[in-house]
Amino acid sequence: RVDMVASHFELKGASAATKPVQKPHPPIWIGANADPAIRRAARLGDCWYVNPHNRMDTIIEQTGIYKRALDEAGKPFPDEFPARREVFVAKTREEAIRRCQPFLAEKYKAYHQWGQSKAMPEGDNDLGVEFDELIRDRFLLGSPDEVAEQMLGFHKATGINHLIMSVQWPGMPQSMVLDVLHMLAEEVFPKVRQGS
């Protein structure tokens with residue numbers, strides 16, 4: 001129970017009624033970039049939370065590593081297999097790339113400067129490349145049809161069944177974020193549901 005007096009409200013004996021999943025505990029998702037960390041996620045967690053910045057071919061290869069590590073640990077493949085991806089949708093792929101580039105490029109420039117590439121597997125460990133190379137097979141970008149196809153392809157290639165989408169990056173106007181969210185809800189998700 002909580003008591004609190006604030007400038008615009010007052011709480012007396014307030015409590016949260018809904019508790020998180022407890023049996024046996026809340027699900028433990030372990031994020032990992034490098035192969036040894038993926039093996040550790042298989043041993044220690046309920047699932048591996050797939051990172052947003054490795055290319056698709058790397059994720060497919062690492063999914064195999066994850067499955068083998070689960071087998072070695074005597075654990076089944078999890079019911080929930082989550083991933084996070086950078087997502088941007090517009091009327092055309094060209095427009096999507098043009099509109100998101102200033103914000104997404106700046107975000108990944110910062111990741112590169114912070115040393116994120118060092119935690120990634122060899123061959124997919126340079127986030128400092130030109131934008132055209134950076135987005136190749138790494139993010140979900142394009143028209144509604146293209147993004148829906150990319151989402152379904154990601155699921156089919158890896159088994160990912162829980163997608164957390166990053167659609168807002170530093171400096172991006174809120175109106176642009178809302179445009180993307182509306183297009184996802186109205187034009188992409190219905191196609192994904194039909195294709196699944």
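The set of residues in the stretch 61-95 being in contact with a His (Cβ under 7 Å, 6 or more places away or on another chain) and not in a strand (DSSP E or B) consists of GLU80, PHE81.
Against the numbered list (1) within 20 Å of ARG39 (Cβ to Cβ); (2) surrounded by fewer than 15 Cβ atoms within 10 Å (Cβ to Cβ), PRO82 comes up short only at (2). The set of residues in the stretch 23-47 that are closer than 14 Å to PRO121 by Cβ and in contact with a Pro (Cβ under 8 Å, 6 or more places away or on another chain) comprises ASN33, ALA34, ASP35.
No other residue among ASP126, ASP137, ASP57 is in a helix (DSSP H, G or I), of a type outside the set (Phe, Trp, Tyr) and surrounded by fewer than 17 Cβ atoms within 10 Å (Cβ to Cβ) apart from ASP57. Just one residue in the set VAL129, VAL180 is over 30 Å from PHE77 (Cα atoms), without any contact (Cβ under 8 Å) to a residue 40 or more places away in the chain and out of contact with any Lys or Arg (no Cβ under 8 Å at 6 or more places or on another chain); that residue is VAL129. Residue pairs whose Cβ atoms lie under 6 Å apart, sitting 6 or more positions apart in sequence or on different chains, and linking a residue in the stretch 132-147 that is on the phi > 0 side of the Ramachandran plot to a partner that is outside any helix (DSSP H, G or I) and among the charged types (D, E, K, R), are ASP137/ARG55.
Has the stretch 115-130 got any residue that is out of contact with any strand residue (DSSP E or B) (no Cβ under 8 Å at 6 or more places or on another chain) and at pLDDT 90 or above? Checked against the condition, which is being out of contact with any strand residue (DSSP E or B) (no Cβ under 8 Å at 6 or more places or on another chain) and at pLDDT 90 or above, the stretch 115-130 yields at least one hit. Only strands (runs of 3 or more DSSP E) whose full extent lies in the stretch 1-54 are considered here, and the ones with at least 1 residues that are out of contact with any helix residue (DSSP H, G or I) (no Cβ under 8 Å at 6 or more places or on another chain) and touching a residue at least 40 places away in the same chain (Cβ under 8 Å) are 29-32. Name every residue in the stretch 157-188 that is of a type outside the set (Ser, Thr, Tyr), surrounded by fewer than 16 Cβ atoms within 10 Å (Cβ to Cβ) and more than 16 Å from the chain's Cα centre (by Cα), in order of residue number. Answer for the stretch 157-188, where residues must be of a type outside the set (Ser, Thr, Tyr), surrounded by fewer than 16 Cβ atoms within 10 Å (Cβ to Cβ) and more than 16 Å from the chain's Cα centre (by Cα): PRO170, GLY171, PRO173, GLN174, VAL177, LEU178, HIS182, ALA185, GLU186.
The values are calculated or read from the model by the stated rules, or taken from the named source; none is laboratory data. Since the structure is predicted, the reported quantities are computational estimates derived from the model, not experimental observations. Neighbour counts are summed over all protein chains in view; Cβ atoms, including those assigned to glycine, are modelled from backbone coordinates with ideal geometry.
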